[in-house]
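The values are calculated or read from the model by the stated rules, or taken from the named source; none is laboratory data. Everything numeric in this text was worked out from a predicted model, so none of it was measured. Here the Cβ positions follow ideal geometry from the backbone for every residue, glycine too, while neighbour counts run over all protein chains shown.
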Amino acid sequence: MEEGKLWQWGVFRSLLAILQWWGFNVTVIIINKWIFQKLDFKFPLSVSCIHFICSSIGAYLVIKVLKLKPLIVVDPEDRWKRIFPMSFVFCINIVLGNVSLRYIPVSFMQTIKSFTPATTVVLQWLVWRKYFDWRIWASLIPIVGGILLTSITELSFNMLGFSAALFGCLATSTKTILAESLLHGYKFDSINTVYYMAPSATMILGVPALLLEGNGVIHWLHTHPSPWAALIIIFSSGVLAFCLNFSIFYVIHSTTAVTFNVAGNLKVAVAVLISWLIFRNPISGLNAVGCGITLVGCTFYGYVRHMLSQQPPGTPRTPRTPRNRMELLPLVNNDKLDDKV
């Protein structure tokens, strides 16, 4: 009887974790798009900077004031050699995501972001000469094919937005690779990651945002009919962005790897559907098919990755890949990092 209750509670806890993760993630995406499109606040650097500031404050409160998470101590020397390079790529990733949101629909942007597993595998193969099981390469075929079909049939295609989203995938993959090498020995969770990286990202982005968008923001404040109400929405998106990081930590510890992967792909589908209901961007039939193929490919990729990670050390390898050079997958899950800030 007790085991049944524990199982029911575990299922409820996992479902609750997934739903609140979906809620924060989709809300942040929709609010950011609303800021660029409806509030006419077309300053992605400033929006990213506000998110970093809110996340820095939130992480400090959680770790130092409320003490909900223990602080992972990092050597001062490692802060410059390890944390700062990560923060730089972290910053570029978030900025590119916001730039893409300004120019292309949420549905298209989310589909392109699903290309991240492919860029991660290819980068590790090219840069580190890592070898992957043939099933990993096979799982990338529907992802790449779906992205190509979606891009060709996208009715609201914009080259700048498309390029920003695509390079955002490369930035996410680079961040994953750097996390493996630079953060070796530090078992960072979502909150500690934000605690160390958000302040550095704020310093990196603050000057460019001020120089490139400062005058535009001042002009917007003077010409917008309700600037204070709009600023509340903008800063609320920063608070929700931090809450998203906390929700990621919760969902990772409440679900299995397979559940997390499937839920992540369903989250993309939910974001696409809700964004279409709100913004009504035109979507053709082939475009929807391409998006669906991409999500199926991402789910298959996650399944293959999980199955390979469960193989015991003595499991025979495929003859196509020499055993002594066999490499599996990134130590850091792309989805876990991709939703940060």
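Could you tell me which numbered condition GLY214 fails, if it satisfies all but one of (1) in contact (Cβ under 8 Å) with a residue 60 or more places away in the chain; (2) over 21 Å from the mean Cα position of the chain (by Cα)?
(1)
Among the numbered conditions (1) assigned to a helix (DSSP H, G or I); (2) modelled with pLDDT under 90, tell me where ARG129 comes up short.
All conditions are met except number (1).
Of the residues that sit in region 153-192 and are among the hydroxyl-bearing types (Ser, Thr, Tyr) and either crowded, with 18+ Cβ neighbours inside 10 Å or modelled with pLDDT under 90 (or both), which one is farthest from TRP125 (Cα to Cα)?
At the first step, the residues of region 153-192 found to be among the hydroxyl-bearing types (Ser, Thr, Tyr) are 153, 156, 163, 172-174, 176, 181, 186, 190.
Subsequent filtering for residues that are either crowded, with 18+ Cβ neighbours inside 10 Å or modelled with pLDDT under 90 (or both) retains 156, 172-174, 176, 181, 186, 190.
Numbers: SER156: 33, THR172: 16, SER173: 12, THR174: 12, THR176: 14, SER181: 15, TYR186: 24, SER190: 27 Å.
Result: SER156.
Kindly list, by first and then second residue, each pair from a residue in region 221-234 that is closer than 17 Å to LYS33 by Cβ to a residue that is among the hydroxyl-bearing types (Ser, Thr, Tyr), limited to pairs with Cβ atoms under 9 Å and residues at least 6 apart or on different chains.
Partner pairs satisfying both residue conditions: ILE234/SER46.
Of everything in region 6-30, what is farther than 12 Å from LEU244 by Cα and either not in a helix (DSSP H, G or I) or not β-branched (Val, Ile, Thr) (or both)? Give them in sequence order.
As a first pass, look at region 6-30 and keep what is farther than 12 Å from LEU244 by Cα: 6-16, 30.
LEU6, TRP7, GLN8, TRP9, GLY10, PHE12, ARG13, SER14, LEU15, LEU16 - these are the residues of region 6-30 that are farther than 12 Å from LEU244 by Cα and either not in a helix (DSSP H, G or I) or not β-branched (Val, Ile, Thr) (or both).
For THR255, only one of the following conditions fails: (1) surrounded by 14 or more Cβ atoms within 10 Å (Cβ to Cβ); (2) in a helix (DSSP H, G or I); (3) in contact (Cβ under 8 Å) with a residue 60 or more places away in the chain. What is its number?
With (1) surrounded by 14 or more Cβ atoms within 10 Å (Cβ to Cβ); (2) in a helix (DSSP H, G or I); (3) in contact (Cβ under 8 Å) with a residue 60 or more places away in the chain applied to THR255, the lone miss is (2).
Yes or no: PHE108 part of a helix (DSSP H, G or I), surrounded by fewer than 21 Cβ atoms within 10 Å (Cβ to Cβ) and within 17 Å of the chain's Cα centre (by Cα)?
Numbers: part of a helix (DSSP H, G or I): yes; surrounded by fewer than 21 Cβ atoms within 10 Å (Cβ to Cβ): no; within 17 Å of the chain's Cα centre (by Cα): yes.
So PHE108 fails the test.
Among (1) surrounded by fewer than 19 Cβ atoms within 10 Å (Cβ to Cβ); (2) at pLDDT 90 or above; (3) under 25 Å from GLN310 (Cβ atoms), where does LEU140 come up short?
Of the numbered conditions (1) surrounded by fewer than 19 Cβ atoms within 10 Å (Cβ to Cβ); (2) at pLDDT 90 or above; (3) under 25 Å from GLN310 (Cβ atoms), the odd one out for LEU140 is (1).
For the condition assigned to a loop (DSSP other than H, G, I, E, B) and within 22 Å of the chain's Cα centre (by Cα), what is the one hit in LYS33, LYS42? Explain how you work it out, then say what you get.
On the way: LYS33 fails: assigned to a loop (DSSP other than H, G, I, E, B).
Result: LYS42 is the single residue among LYS33, LYS42 that is assigned to a loop (DSSP other than H, G, I, E, B) and within 22 Å of the chain's Cα centre (by Cα).
Would you be able to say whether some residue in region 62-82 is out of contact with any strand residue (DSSP E or B) (no Cβ under 8 Å at 6 or more places or on another chain), crowded, with 23+ Cβ neighbours inside 10 Å and in a helix (DSSP H, G or I)?
Applying the first criterion (out of contact with any strand residue (DSSP E or B) (no Cβ under 8 Å at 6 or more places or on another chain)) to region 62-82 yields 62-82.
Of the ones still in play, those that are also crowded, with 23+ Cβ neighbours inside 10 Å are none.
Within region 62-82 (the criterion being out of contact with any strand residue (DSSP E or B) (no Cβ under 8 Å at 6 or more places or on another chain), crowded, with 23+ Cβ neighbours inside 10 Å and in a helix (DSSP H, G or I)), the answer is no, since none of the residues qualifies.
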